[in-house]
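**Q** Structure in structure tokens, see below.
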Amino acid sequence: MKVPLLDLKKQYKSIREEIMKATREVFDSQRFILGPKVEELENKIAFYCQCRYAVGVSSGTDALLISLMTAGVGFGDLVITTPYTFFATVGSIVRVGAVPVFVDIDEDTYNIDPKKLEATIVSMDEERKSRVKVIIPVHLFGQCADMEPILDVARGNGLTIIEDAAQAIGAEYELRDGSAKRAGSMGQFGCFSFFPSKNLGAFGDAGMVTTNDEDLYERLKIMRAHGSKPKYHHSLVGGNFRLDALQAAILAVKLEHLDEWTTRRRENANHYRKAFQDEGIDGISLPIDIVKRHIYNQFVIKIREGRDSLKKYLKENGIGCEVYYPVPLHIQACFGSLGYRPEDFPLSVRAAETSLALPIYPELTGDQIDYVVEMIKNFKKNNI
Ligand SMILES: Cc1ncc(COP(=O)(O)O)c(C=O)c1O
């Protein structure tokens, strides 16, 4: 049996006609950049993410970059985030001239640990503390970071929060008062990626920034077009962060199906849980689902011993799987000048050694899931 990590062709087949109709409209209009299709998508995404505003941009990376630029982060400023994330989170910080300050993760959720976040700020001298401008919590794999204490720290220290919600569209977090908040609606900025493998994926690169602040919304729109308003008059230096109408039209079609696909992902996660339980496999931990709505962009298991051999074994048996991420960012060669050592963030290093993402996409069948679990069981029986 073949079980790819992701099967976009299967999904495309089910919405082909809708996509053709939507893209034909764009071709007929010959309006390719921003315009009504982008505005329509922005309104829909704002509504879906329970935010007042959304600004379509060229990628998730650019969503982070434009948010940092709009927040006024620049040379010498400090931005706190996690070393266990996709490169773009930290690459964007460095690209605006700021310095990343890492805080280790919670080992169960892989998200930034709020207690360590607070301890990091408390341990700073006044000069250093005054340079901290932003916290970027990442809602990794589709589960929100523990936002309430992070919001408290931000409020207490006058910091801006830019949520990296690239992997978490529609994920929910329950606040102390029992209300559910969607990813991207809790900080000043929410950054989304529509990279094709995301739960809501474009047919190329695309992204979005959400905000509840009208001033930030206006600034984001200006920054997206080289900081110009009116045209050819620049009071700010922005970039070309514009979203294509074709991508917006495709995303608007796919958004209509997103909840149904998320339900399927959550059902697949439950199927895995039951299958692992029935098989009684030791030495493997399943993802912790502690927030209100995990949207399972990835289903990441933890293997205490032999992760790389298991990965090889699964691939040899036709099962797609991947390590997100094999090298934590504090020990990436390009950040060597920051002077971090591997042992500074031991839980991120451990996660990089033990995590493995299994197929979880909506069109996956129960038989395919059972096969994946059976192969993992075989591996454990024969190898460890
Ligand atoms: C956590 C995280 N941040 C940022 C990004 C960057 O998004 P993009 O690939 O759309 O630039 C991604 C996606 O790849 C991501 O997973």
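**Q** Among DSSP bridges having both ends in the chain, what percentage is antiparallel? Round to the nearest 5.
**A** Close to 60 percent.
**Q** Please work out the Cα center distance from region 308-369 to region 107-184, rounded to the nearest Å.
**A** So the two Cα centres are separated by 23 Å.
**Q** Which whole-number percentage describes the relative contact order of the chain, with Cα contacts under 8 Å and a sequence gap of 6 or more?
**A** 23
**Q** Also, quick follow-up: Ordered by packing density, taken as the mean number of other Cβ atoms within 10 Å over each peptide's residues, highest first, how do 57-65, 117-125, 347-355 rank?
**A** 57-65, 347-355, 117-125
**Q** In square nanometres, what is the average projected area of the Cα convex hull of region 1-94?
**A** 9.9
**Q** What percent does the relative contact order of region 94-207 come to when contacts are Cα pairs within less than 8 Å and at least six residues apart?
**A** 18
**Q** Between LYS115 and SER130, how many nm apart are label points set 7 Å from Cα along the C-beta direction?
**A** Between LYS115 and SER130, the simple spin-label model gives 3.2 nm.
**Q** Tally the DSSP beta bridges in region 58-198 and give the antiparallel ones as a percent, rounded to 5.
**A** 20
**Q** Which values, in whole Å and largest first, are the semi-axes of the equivalent ellipsoid of region 33-81 obtained as the square root of 5 times each eigenvalue of the Cα gyration tensor?
**A** Taking √(5λ) for each Cα gyration eigenvalue gives 26, 13, 8 Å.
**Q** Report the per residue volume, in Å³, of the convex hull enclosing the C-alpha atoms of region 174-228.
**A** In region 174-228, the Cα convex hull volume per residue is 87 Å³.
**Q** Below 17 Å Cα-Cα, how many Lys pairs turn up in region 169-309? Only count pairs eight or more apart in sequence, or on different chains, if you could.
**A** Lysine pairs meeting the criterion: 5.
**Q** Next question, about the same structure. What does DSSP give for region 144-216 in terms of the percent of beta bridges that are antiparallel, rounded to the nearest 5?
**A** Here the antiparallel bridges make up roughly 70 percent for region 144-216.
**Q** Let me ask something else. How much space per residue, in cubic angstrom, does the convex hull of the C-alpha atoms of region 217-267 take up?
**A** 110
**Q** What FRET efficiency, computed as 1/(1 + (r/R0)^6) with R0 = 25 Å and r the Cβ-Cβ distance, is obtained for GLU25 and ARG52, rounded to the nearest 0.05?
**A** 0.35
**Q** Sticking with this structure for a sec: If Lys and Arg each add +1 and Asp and Glu each add -1, what is the summed charge of the other residues whose beta carbon sits under 14 Å from the beta carbon of HIS257?
**A** +2
**Q** Say R0 is 51 Å: what FRET efficiency, to the nearest 0.05, do ARG341 and LEU175 get from their beta-carbon distance?
**A** With a Förster radius of 51 Å, E is 0.90.
**Q** Could you work out how far apart the two model spin labels at ASN383 and VAL94 are, taking each label as a point 7 Å from the Cα in the direction of the beta carbon, and quote it in nm?
**A** Taking the two extended label points, one gets 3.2 nm.
**Q** So, by mean Cβ neighbours within 10 angstrom, what's the order for 338-345, 222-229 with the highest one leading?
**A** 222-229, 338-345
**Q** Quick check: convex hull over the Cα atoms of region 269-333, volume per residue in Å³, rounded to an integer?
**A** 140
**Q** Quick one, what does Rg over Rh come out to for the chain if you take C-alpha atoms and the Kirkwood Rh?
**A** 0.97
**Q** Same structure again: According to a simple spin-label model (label point 7 Å from Cα along Cα-to-Cβ), what is the distance in nm between ASP152 and LYS312?
**A** 4.7
**Q** Divide, for region 285-384, the radius of gyration over alpha carbons by 2.2 N^0.38 Å, where N is the residue count.
**A** Taking N as the residue count of region 285-384, the ratio is 1.23.
**Q** Two decimals is fine: what is log10 I(q)/I(0) at q = 0.10, 0.18, 0.24 Å⁻¹ for region 67-177, from a Debye sum with one equal scatterer on every Cα and no solvent?
**A** Each listed q corresponds, in turn, to -0.26, -0.86, -1.52.
**Q** Three principal axis extents, largest first, for the C-alpha atoms of region 128-238, in Å?
**A** Principal-axis extents of region 128-238 (Cα, largest first): 47, 41, 26 Å.
**Q** Okay, next question. Note the full-extension length gain between GLU39 and ILE288 as 0.36 nm times their separation in residues minus their Cα-Cα distance, in nm to one decimal.
**A** Value of the extension gain: 86.0 nm.
**Q** How large is the helix-only mean residue ellipticity at 222 nm for the chain, computed as the sum of -39500 (n - 2.57) over DSSP H runs with n ≥ 4, divided by its residue count, in deg cm²/dmol to the nearest 500?
**A** For the chain, the value works out to -13500 deg cm²/dmol.
Every number in this text was worked out from the coordinates using simple rules, so none of it is lab data. The shown structure was predicted, so the numbers you read here are calculated from the model rather than taken from an experiment. Don't worry about glycine lacking a Cβ; one is built from the backbone with ideal geometry, like all the others, and counts go over all protein chains shown.
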